[in-house]
Structure formats: C-alpha cells, structure tokens
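Here, each number is a calculation from the coordinates, and none is a lab measurement. Keep in mind it's a predicted model, so treat the numbers as computed, not measured. Counting neighbours? That spans all protein chains shown, and the Cβs are built from the backbone with ideal geometry, glycine included.
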Amino acid sequence: MSVVLDASAVLAVLFAEPGHERVLPHLTGAGTDAGARLSAVNLGEVLTYFVRTGQAAEAARQAVRDLGIRCDPFDDEQARLTAALYPMGRPHGLSFGDRACLALGATLGLPVLTSDRAWARVDAGVEVEVIR
C-alpha cells in the first residue's frame with residue numbers, strides 16, 4: 001500500500017535517524033501505485049534543509065529520486081484543504097508544509113508518516129503514523 005511521507009520521514013531515511021526503519025518498507029514498490037509519495041511542498045522542505053545545512057539542493061533531489069519516492073504536484077484542491085486545516089492545526093503548531101502533507105494524504109486517501117507527534121492530535125480525516 002502507498003503512503004504519503006512528511007519531510008521529516010524523508011530526512012529520517014536520508015540520515016538514518018530514529019524511525020527510519022518504519023519508513024523503509026514503504027519505499028519498496030516506489031514508482032508504481034505502491035510505494036511512497038511526497039508533496040512538492042514537502043520536497044521543498046527537504047531541499048531547504050539541505051541548503052540550510054550547506055549542502056547542495058540537487059544532492060537532496062537526487063537522493064529522493066534514488067529512494068523512488070514519487071513527488072506529487074501541489075494543486076488547487078490540496079491548497080483548499082491546506083487552508084481548511086489551519087483552524088484545527090494552529091493550536092498544535094502545524095505549519096503550512098505539515099498541512100500540505102495532510103492535504104495530500106486526504107486527497108489520495110492514504111496514510112501519512114511523520115515524526116511530529118502533534119499530528120496525531122489533529123482530526124484531519126487522515127490516518128497518521130508517527131515514526132518515532
């Protein structure tokens with residue numbers, strides 16, 4: 001089954017951080033209807049992390065490709081859902097990127113993997129699996 005990954009889940013895999021082992025099984029079959037998916041918004045977060053830490057954004061982009069993670073464009077329906085999640089996400093500190101990830105999960109009807117425990121307290125209509 002396919003899942004949607006938050007930037008934190010992708011970074012956990014890229015840097016072998018705690019919880020990465022819960023993400024790895026979802027990378028099998030990537031590039032098909034199975035496997036992992038990532039919002040373009042969250043890819044931007046991953047690339048920004050690399051740039052912020054003095055690494056090349058292209059290295060991050062290639063690393064995500066090498067994992068076989070499918071990047072989904074951020075469309076108008078996801079934008080609407082991202083905005084709709086603001087009132088319930090704000091008290092839990094959910095960022096725009098967090099809400100974009102949840103919106104992709106809701107749009108596709110897929111569970112979302114993240115390292116952020118606060119997501120589990122938000123009723124976004126999406127199954128959330130906290131990886132650590």
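Miscellaneous remarks
- For the residues D75, D98, D116, a GNM of the chain with alpha-carbon springs under 10 Å puts the largest fluctuation on D75.
- Amide H partners (placed H, <5 Å) of V112, local residues excluded: V4, E127, V128, E129
- Using a Gaussian network model of the chain in which every pair of alpha carbons under 10 angstrom is joined by a spring, one finds that among P87, P73, P18 the greatest mean-square fluctuation is at P87.
- Rounded FRET efficiency, nearest 0.05, which uses the C-beta distance separating A56 from A84 and R0 of 30 Å: 0.25
- Within-12-Å neighbourhood charge of H92 [Cβ basis; K, R +1; D, E -1]: +1
- T82, T107 arranged by Cβ crowding within 10 Å, fewest neighbours leading: T107, T82
- Inverse of mean 1/r across different Cα pairs in the stretch 25-129, Kirkwood, Å: 14.3
- When the chain is treated as a Gaussian network with alpha carbon springs shorter than 10 Å, the biggest mean-square fluctuation among G44, G68, G93 belongs to G93.
- Folded to 0 to 90 degrees: helix 57-66 orientation relative to the chain principal axis, Cα: 90
- Under 5 Å between amide hydrogens, built in the peptide plane, is the criterion, and for D72 it picks out L38, S39, A40 among residues at least 5 positions away or on other chains.
- Here the residues S2, S95, ranked from fewest to most Cβ neighbours within 10 Å of their Cβ, fall in the order S95, S2.
- The phi-based Karplus calculation (6.51 cos²θ - 1.76 cosθ + 1.60; θ = phi - 60°) puts the 3J(HN,Hα) values of the stretch 104-112 at 5, x, 5, 4, 8, x, 10, x, 10 Hz, whole numbers, x for Gly and Pro.
- The angle between the Cα long axis of helix 40-52 and the longest principal axis of the Cα atoms of the chain comes to about 50 degrees, rounded to the nearest 10.
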